[in-house]
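Single-structure report; data block below.
The values are calculated or read from the model by the stated rules, or taken from the named source; none is laboratory data. Given the structure is predicted, the values throughout are model-derived calculations rather than measurements. All Cβ positions, even for glycine, are placed from backbone atoms using ideal geometry, and neighbour counts span all protein chains on display. We work out accessible area using only protein heavy atoms, side chains counted, and drop any ligands, DNA or RNA first. Shrake-Rupley method; radii C 1.70, N 1.55, O 1.52, S 1.80 Å.
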Amino acid sequence: MSVRVETLDGPRVAAGLDELSALRLSVFREWPYLYDGNAVYEADYLGTFSTAPGAVIVAAFDGDAMVGAATAAPLAGHSSEFVPLFEAHGYAPETVFYCGESVLLPAYRGQGIGHAFFDHREAHARTLNAGGAVFRHVAFCGVVRPDNDPRKPAAYRPLDPFWRKRGFEPISGMLGNYDWREVGGPEEEIPHAMQFWINPL
């Protein structure tokens, strides 16, 4: 497969939101997120992301089709609700570049695209630093699920080794929450614990 990876910033962020939303709805429906998404949630979440100064989408294209995407933005502009959590653990929010979702269709996994997503996002943070920003850390969060959850597929392999290979480490006690509706769950959104991982930039 011939896949190209591009960085979409500025006005190109808004242009990529529909395809990003479709990927989120598809990929995050899988374990471990089990996200039963809807247009209202997507519009709210992606609307906040897209208006954050410095926001970026790193997109993987097969021809004209977006087959994967990863997002990032300065923490305070994208996920301000987590600012107190970072401050409580000794991280100044203005120094944190926050990586949001990373979604890739199954047929394109195992080809190094995940590494490219991080490479491009970290490069974008360094470009912002050259323009006067002060990012010193890159962070993301992943949902916490018990190992004995009966819904976990037998073939599932966690991404922890990949993240550690990139230099990220989970910060003890640094847990946030996102609310979403689960596949096969109640109609209302429920809270999900999210573990934060951090790597020096």
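With all protein chains kept in place, the per residue accessible area of the chain amounts to 48 square angstrom at a probe of 1.4 angstrom. Here the dipole of region 86-201 is about 600 debye; that uses its Cα centre as origin and unit charges on the Cβ of Lys and Arg (positive) and Asp and Glu (negative). Using a 1.4 Å probe on the protein heavy atoms, what percent of the accessible area of region 35-122 belongs to carbon and sulfur? The C+S portion of the solvent-accessible surface of region 35-122 is 56 percent. A simple spin-label model places the labels of Glu87 and Val40 3.1 nm from each other, with each point 7 Å out along Cα-to-Cβ. Between amide H atoms placed 1.01 Å from N, distances below 5 Å from Arg29 occur with Tyr35, all of them 5 or more places distant or on a separate chain.
Surface listing: Arg136, Arg151 arranged by accessible area from highest to lowest gives Arg136, Arg151, probe 1.4 Å.
Is the shape of region 1-77 best called rounded, prolate or oblate, per the rule: a/c under 1.5 gives rounded, else a/b larger than b/c gives prolate, else oblate, with a ≥ b ≥ c the square roots of the Cα gyration tensor eigenvalues? In terms of gyration-tensor shape, oblate.
The overall shape of the chain is rounded: from the C-alpha gyration tensor, with semi-axes ordered a ≥ b ≥ c, the ratio a/c is less than 1.5. In the complete set of protein chains, residue-level accessible area for Glu87 is approximately 100 Å², probe 1.4 angstrom. Residues Thr95, Thr127, Thr48 ordered from highest to lowest accessible area at a 1.4 Å probe: Thr127, Thr48, Thr95.
If only the Cβ of Lys and Arg carry +1 and only the Cβ of Asp and Glu carry -1, the dipole of region 141-201 around its Cα centre is close to 460 debye.
Think of the chain as a dipole: +1 on every Lys or Arg Cβ, -1 on every Asp or Glu Cβ, centred on the Cα centre; then among Leu159, Trp180, Leu34, Leu159 lies furthest on the positive end.
Charged side chains reduced to their Cβ positions (Lys and Arg at +1, Asp and Glu at -1) give the chain a dipole of some 760 debye around its Cα centre.
Taking the DSSP bridge list for region 49-201 and keeping only pairs wholly inside it, about 90 percent are antiparallel. Largest first, the residues Trp163, Trp197 sort by 1.4 Å accessible area into Trp163, Trp197. Extension gain for Thr127-Val183 works out to 16.3 nm (0.36 nm per residue, less the C-alpha to C-alpha distance).
Give the shape of region 137-188 as rounded, prolate or oblate, defined through the alpha-carbon gyration tensor: a ≥ b ≥ c are the square roots of its eigenvalues, a/c under 1.5 means rounded, and otherwise the shape is prolate if a/b is larger than b/c and oblate if not. Taking the square roots of the gyration eigenvalues as a ≥ b ≥ c, region 137-188 is oblate.
Residue by residue, region 19-27 carries 3J(HN,Hα) couplings of 5, 4, 4, 4, 5, 4, 5, 7, 6 Hz when phi is fed to the Karplus relation 6.51 cos²θ - 1.76 cosθ + 1.60 (θ = phi - 60°); x denotes Gly or Pro. Taking 7 Å steps out from each Cα toward its Cβ at Ser80 and Arg151 produces label points 3.2 nm apart.
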